[in-house]
Amino acid sequence: MSSRRISPEEFEAYVEEALASVPEPFRKYLENVVVAVEAEPSREDYDDTDTDEDHELFGIFRGVPFFQRGAAVSSLPAQIAIFRGPILRSFASRGEAVRAIRDTVVHEVGHMLGLEDDEMPY
């Protein structure tokens, strides 16, 4: 089945499943993080991640990494955004898209914990 046939509701359910699969020791760090599904990344998202616009951006962590926050308090919660359009355009099958959603969620949780791209476990 084509990944383009994944409805917005199904996509959000896959994101929720990916969040639920985050190992318990790391879930506590997600308590004050908003996880949102967005249709497309903005130009600012591309700029903030130093991603070339000819590449698809699947997700972004917006905020201060958990272990760098210290005593700083922000009125805005940290946010992880998963971009539906780029994922559905980049993967032909439902299974590939679901794996990409899971990998993107894990990747952005890594950024939330302060990991850089070259420090990710995959």
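Numbers for the structure displayed
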| item | result |
| --- | --- |
| So Pro41, is it open to solvent by less than 70 Å² (accessible area, probe 1.4 Å), under 22 Å from Asp117 (Cβ atoms) and not in a helix (DSSP H, G or I) | yes |
| Per-region count, segment 1-38, residues assigned to a loop (DSSP other than H, G, I, E, B), open to solvent by 40 Å² or more (accessible area, probe 1.4 Å) and of a type in the set (Ser, Thr, Tyr) | 1 |
| Matching residues in segment 39-74 - criterion: being modelled with pLDDT under 95, touching a strand residue (DSSP E or B) at 6+ places or on another chain (Cβ under 8 Å) and among the hydrophobic types (A, V, I, L, M, F, W, C) | Phe61, Val64, Phe66 |
| Residue in segment 100-118 that is most open to solvent (accessible area, probe 1.4 Å), counting only those that are out of contact with any strand residue (DSSP E or B) (no Cβ under 8 Å at 6 or more places or on another chain) and modelled with pLDDT under 90 | Asp118 |
| Any chance Leu76 is surrounded by 16 or more Cβ atoms within 10 Å (Cβ to Cβ) and part of a loop (DSSP other than H, G, I, E, B) | no |
| Flag for Phe66 being surrounded by 11 or more Cβ atoms within 10 Å (Cβ to Cβ), touching a helix residue (DSSP H, G or I) at 6+ places or on another chain (Cβ under 6 Å) and farther than 16 Å from Pro8 by Cα | yes |
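The values are calculated or read from the model by the stated rules, or taken from the named source; none is laboratory data. Computed from a prediction, not measured in an experiment: that's the story for all the values here. With ideal geometry, Cβ positions are generated from the backbone for all residues, glycine too; neighbour counts draw on all protein chains shown. Note: accessible area is taken over every heavy atom of the protein model, side chains too, but ligands, DNA and RNA are not part of it. Shrake-Rupley method; radii C 1.70, N 1.55, O 1.52, S 1.80 Å.
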